[in-house]
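Step one of this worksheet: look at the structure below.
The values are calculated or read from the model by the stated rules, or taken from the named source; none is laboratory data. Just so you know, these numbers come straight off a predicted model, no measurement behind them. Here the Cβ is made from the backbone with ideal geometry for all residues, glycine too, and neighbour counts use every protein chain on show. Each accessible area value is taken on the protein alone, full model and side chains, heavy atoms only, with ligands, DNA and RNA left out. Shrake-Rupley method; radii C 1.70, N 1.55, O 1.52, S 1.80 Å.
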Amino acid sequence: MYEYIKGELVEATPANAVVDCGGIGYYIHISVNTYSKIASQNQVMLYIHQIVREDAHLLYGFFSKEERSLFRALISVSGIGANTANVMLSSMSVEEITGAILTENVNAIKSVKGIGVKTAQRVIIELKDKVGKEGVPVEGLSLSTSAVREEAQAALVMLGFARAQVAKTLDKILASEKVETVENLIKLALKHL
């Protein structure tokens, strides 16, 4: 129902924020990552996801559309509710979560409080194909990083490496570190291939 709420930040904690919009104070659940980006601001805009239950109408706010898209993807997984998804987004960045899903890193997801091995595996199985589609970011790749990745992949395939193996290796590298140039990415990939 709500796309975003824009207004004066009246109060903020790492778990929630109160935003005054048109004389009405909206109590919004937020992640620690969103809190770190809005804590010092007077005027904020949060992208909203509303959950309506029998006993409550809850608003979850996000600094970016990517964070909200990942939240929506996470709550679509059986066994992950809004609070657990919020804890995940507080414990790890959007890039770290999507990187863990794409590289099938069960231990990274399992490290979040309240998530066991089976739930972590379910997150990976159910979201691996969705990450990168429907607005959910692929490892937070910017267009320039994406172009660097594609160029490096093409070069490595031309060198004789299997496309699937190259893609998996590049995903792992980009999930764990920021690489600026094609040359650096190729050098790192050659160490792992």
Using a 7 Å offset from Cα along Cα-Cβ at Asp129, what residues in segment 59-81 end up with backbone N under 17 Å from the label point? 73-74, 76-78
Return the FRET efficiency for the residue pair Lys168, Ser93: r is the Cβ-Cβ distance, R0 is 22 Å, and the value is rounded to the nearest 0.05. 0.55
For the full complex of protein chains and a 1.4 angstrom probe, list His57, His29 by accessible area with the highest value first. His57, His29
Surface accessible to a 1.4 Å probe, Arg53 within the full protein complex, Å²: 120 Å²
By how many nm would the segment from His57 to Ser176 grow when fully extended, if each residue of separation counts as 0.36 nm and the alpha-carbon distance is taken off? 39.1 nm
FRET efficiency, Gln121 to Tyr27 (Cβ-Cβ, R0 30 Å, nearest 0.05): 0.30
How much accessible area per residue does segment 2-67 have, in Å², with a 1.4 Å probe? 56 Å²
Over the heavy atoms of Ile38, what accessible area does a 1.4 Å probe trace out, to the nearest 10 Å²? 0 Å²
Neighbour net charge for Thr84 - beta-carbon separation under 13 angstrom, K R +1, D E -1: +3
In whole percent, and with a 1.4 Å probe on the protein chains, what portion of the accessible area of the chain is carbon and sulfur? 51 percent
Which net charge results for the neighbourhood of Val112, defined as the other residues with beta-carbon distances under 14 angstrom from its beta-carbon, given Lys and Arg at +1 and Asp and Glu at -1? +3
Given charges of +1 on the Cβ of Lys and Arg and -1 on the Cβ of Asp and Glu, with all other atoms neutral, how large is the dipole of the chain about its Cα centre, in debye to the nearest 20? 580 debye
Quick one: which of Lys130/Lys168; Lys37/Lys65; Lys118/Lys168; Lys128/Lys168 span more than 21 angstrom between C-alpha atoms? Lys118/Lys168
Cleavage-rule hits, GluC sites (Glu not before Pro), segment 72-130, DSSP coil, Cβ neighbours within 10 Å at most 16: Glu104
For segment 20-104, shape from the Cα gyration tensor axes a ≥ b ≥ c, cut at a/c of 1.5 then a/b versus b/c, turns out oblate
FRET efficiency, 1/(1 + (r/R0)^6) with R0 41 Å, evaluated for Thr13 and Phe161 via beta carbons: 0.25
